[in-house]
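Heads up: the structure comes next, in structure tokens.
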Amino acid sequence: MRARTCAAAAAAAVALAVTGCGTGGETDDLEAQLAEVTAERDALQDELDAIAQRYDRTVATQAAVEGILADPESYATTGEMVEALTAHTALGSVMDDDVFGAVPHKTAWTYTLGGGLDAEIETVQKWVDADGSESGSLWVWRGTNHAGKPFELIGISIMTFDDEGLITNEWVAYPYPDDFVEEAIDGGGTPTTITGEAWGDVEE
């Protein structure tokens with residue numbers, strides 16, 4: 001913002017100088033300086049406008065993804081829900097999970113919400129970077145795992161976006177050891193808010 005103000009002030013100063021001078025080479029030089037400063041000001045404004053547009057698009061994408069995840073009942077199948085989510089990703093986008101590795105977003109969402117799981121994700125907190133290039137969220141991933149046991153994990157996502165506000169990359173991390181996350185998804189599950197204790201401690 002300060003750069004834009006300075007550029008505008010410089011343009012105004014050069015304009016005043018031009019009007020107060022005579023003709024000839026000196027006037028031509030001042031007019032050239034005015035044109036240069038004006039071009040710099042316009043380029044800076046274009047850059048600021050592009051940043052504002054990307055921010056708005058990123059906010060819209062984040063809201064759309066959160067809305068899809070919060071309303072699974074609106075989709076007849078997990079596949080339909082995954083397609084809706086994938087519509088907000090760029091070609092070649094990847095989810096890079098600290099535990100399960102990096103795969104295309106469509107594959108990641110398929111196995112996060114289905115693929116042997118019956119799961120959902122609840123967003124708890126979210127933020128968007130001022131220039132719209134990144135966003136982050138804190139979430140709870142819960143449901144029934146591959147072994148038919150309930151699980152509940154908290155985690156964070158950091159996403160990057162292109163100029164159109166589409167997700168290009170998502171990094172996922174958990175505040176647990178890797179083997180705890182793996183057991184939550186493939187083994188005995190985890191303590192949950194429903195039971196308050198691990199499945200191994202519950203009589204079946």
Legend entry - Residue in the range 173-187 that is under 18 Å from the mean Cα position of the chain (by Cα) and at pLDDT 95 or above present: yes
Legend entry - Where a residue in the range 88-111 is free of Cβ contacts under 8 Å to residues at least 12 places away in the same chain and part of a strand (DSSP E or B) and its partner, wherever it lies, is crowded, with 19+ Cβ neighbours inside 10 Å and among the charged types (D, E, K, R), with Cβ under 9 Å and at least six apart: Val103/Asp97
Legend entry - Residue check for Arg4: within 30 Å of Ile167 (Cα to Cα), part of a helix (DSSP H, G or I) and modelled with pLDDT under 60: yes
Legend entry - Number of the condition not met by Ala130 [criteria: (1) under 29 Å from Gln53 (Cα atoms); (2) surrounded by 15 or more Cβ atoms within 10 Å (Cβ to Cβ)]: (2)
Legend entry - When residues of the range 60-101 are limited to those that are surrounded by 15 or more Cβ atoms within 10 Å (Cβ to Cβ) and among the small types (Gly, Ala, Ser), the one farthest from the chain's Cα centre (by Cα): Ala84
Inset, instruction - Filter the range 133-152 down to the residues that are surrounded by fewer than 21 Cβ atoms within 10 Å (Cβ to Cβ) and hydrophobic (A, V, I, L, M, F, W, C), then identify the one that is farthest from Leu69 (Cα to Cα). - result: Ala147
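The values are calculated or read from the model by the stated rules, or taken from the named source; none is laboratory data. Source: prediction; values computed, not measured. Cβ coordinates were reconstructed from backbone atoms using ideal geometry, including for glycine residues, and neighbour counts include every protein chain displayed.
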